[in-house]
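> Structure in structure tokens, see below.
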Amino acid sequence: MAKILVIEDDPSILLGIRKNLEYDGHEVLIARDGEEGLTMAFDARPDLILLDIMLPHVNGFEICRSVRKHEPAVPIIILSAKDQEADKITGLSLGADDYITKPFSVRELVARVKAALRRSRALTGEEAPYLFGDVEVDYAGRVIRVKGEPVECTPKEFDLLRFLIRNKGRVVSRDQILNKVWGYDYEGTPRTIDNFVQKLRIKVERDPVDPSHILTVRGIGYKFEN
């Protein structure tokens, strides 16, 4: 059983989510505005957060940014009527692990919650930190350190780096990265991957313009070299 915080101001959506998650065995906490949700996100220490974007007082993007800054490991799934690619990229760049557009199937939502919780729990048994150059990738803590100092990193940036490391020496296409890191049903574009790689290089490469580790394979994708 997991403790799940739902931050949503639509009563009908709240009711459906709550009933199905409780039926699935989870403890469900409810916040009906952004201010209350932000407080509960820190005080209740949930295992996962379901987060609407259009909220009274504090919007979901601000909540996501604040939670991710202080609680880097808790999974966040955004629920939003905003279905433009720019909104999805914003949410994921701020640290959300998944983005579901309304209206959605509650069964699909429950399945995505289960998947996010599995990924989160699997990390507690992850292997030892991985070292390359001046960088330490702490899998268990989901922290990237450069010269011993933590670097601010979104969950998707961390997952992208981990995926590249696990495929060290192999060329992975942008489609493979989208499918494995973002999920098969994420409607992103190759440009999404390029943007995340560029941000990641700035954080972990000594020379982001001439990278030594995250290499571009023209016309295909990327390759990680230690």
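The values are calculated or read from the model by the stated rules, or taken from the named source; none is laboratory data. Fair warning: this is a prediction, and the values are worked out from it, not measured in the lab. Ideal geometry is used to build each Cβ from the backbone, glycine not excepted, and the neighbour counts take in all protein chains shown. Note: areas computed on protein heavy atoms with side chains; ligands, DNA, RNA excluded. Shrake-Rupley method; radii C 1.70, N 1.55, O 1.52, S 1.80 Å.
> What residues qualify as long-range amide H neighbours of residue 143, i.e. H under 5 Å apart, gap of 5 or more or another chain, H built at 1.01 Å from N?
The list, which skips near neighbours in sequence, is 138.
> Quick one: putting +1 on the C-beta of Lys and Arg, -1 on the C-beta of Asp and Glu, what dipole do you get for the chain around its Cα centre, in Debye to the nearest 20?
Dipole of the chain, to the nearest 20 debye: 760 debye.
> Might you tell me the accessible area per residue for the chain, computed with a 1.4 Å probe and given in Å²?
Value returned for the chain: 50 Å² of accessible area per residue.
> Take the cross-link list 88/199; 69/102; 114/147 and give me the ones stretching past 28 Å between alpha-carbons.
114/147
> To test your reading of the geometry: what angle, between 0 and 90 degrees and rounded to tens, separates the Cα axis of helix 11-23 from the longest principal axis of the chain?
Between the helix axis and the principal axis of the chain, the angle is about 70 degrees.
> Roughly how many nanometres apart are two label points built 7 Å out from the Cα toward the Cβ at residue 216 and residue 84?
2.7 nm
> Next question. For a quick check of your reading of the filter: which GluC sites (Glu not before Pro) in segment 70-165 sit in a DSSP loop and have no more than 15 other Cβ atoms within 10 Å?
Answer by residue number: 126, 127, 152.
> Could you list which residues have their amide H under 5 Å from that of residue 6, counting only those 5 or more apart in sequence or on another chain, with H placed in the peptide plane?
29, 30, 31, 50
> Let me ask something else about it. Would you work out which of 146, 56, 89 lies farthest towards the positive end of the dipole of the chain? Charges go on Cβ: Lys and Arg +1, Asp and Glu -1.
Going by the charge dipole, the pick is 146.
> What do you get for trypsin sites (Lys or Arg not before Pro) in segment 83-152 restricted to DSSP loop and a cutoff of at most 16 other Cβ within 10 Å of the site's Cβ?
Counting only loop positions with at most 16 other Cβ atoms within 10 Å, the trypsin sites (Lys or Arg not before Pro) in segment 83-152 are 147.
> For a quick check: with amide H placed at 1.01 Å from N, whose amide H comes under 5 Å from residue 212's, ignoring anything fewer than 5 positions away on the same chain?
Answer set, sorted by chain and number: 206, 207.
> Here is a follow-up. Counting only protein heavy atoms and a 1.4 Å probe, tell me what percentage of segment 71-201's accessible area is made up of carbon and sulfur. Before the final figure, lay out each step's value.
On the way: 3040 of 6260 Å².
Of the solvent-accessible surface of segment 71-201, carbon and sulfur hold 49 percent.
> I've got another one for you. Please go through segment 173-226 and write out the trypsin sites (Lys or Arg not before Pro) that DSSP classes as loop and that have at most 14 other C-beta atoms within 10 Å.
Sites meeting the loop and neighbour criteria: 206, 218.
> Quick check on the chain: helices-only [θ] at 222 nm, where DSSP H runs of length 4 and up contribute -39,500 (n - 2.57) each and the sum goes over total residues. Nearest 500, please.
Calculated from helices alone, the mean residue ellipticity at 222 nm is -12500 deg cm²/dmol.
> Sequence gap at least 6, Cα distance under 8 Å: using those rules, report the relative contact order of the chain to the nearest whole percent.
Contact order relative to length: 13 percent.
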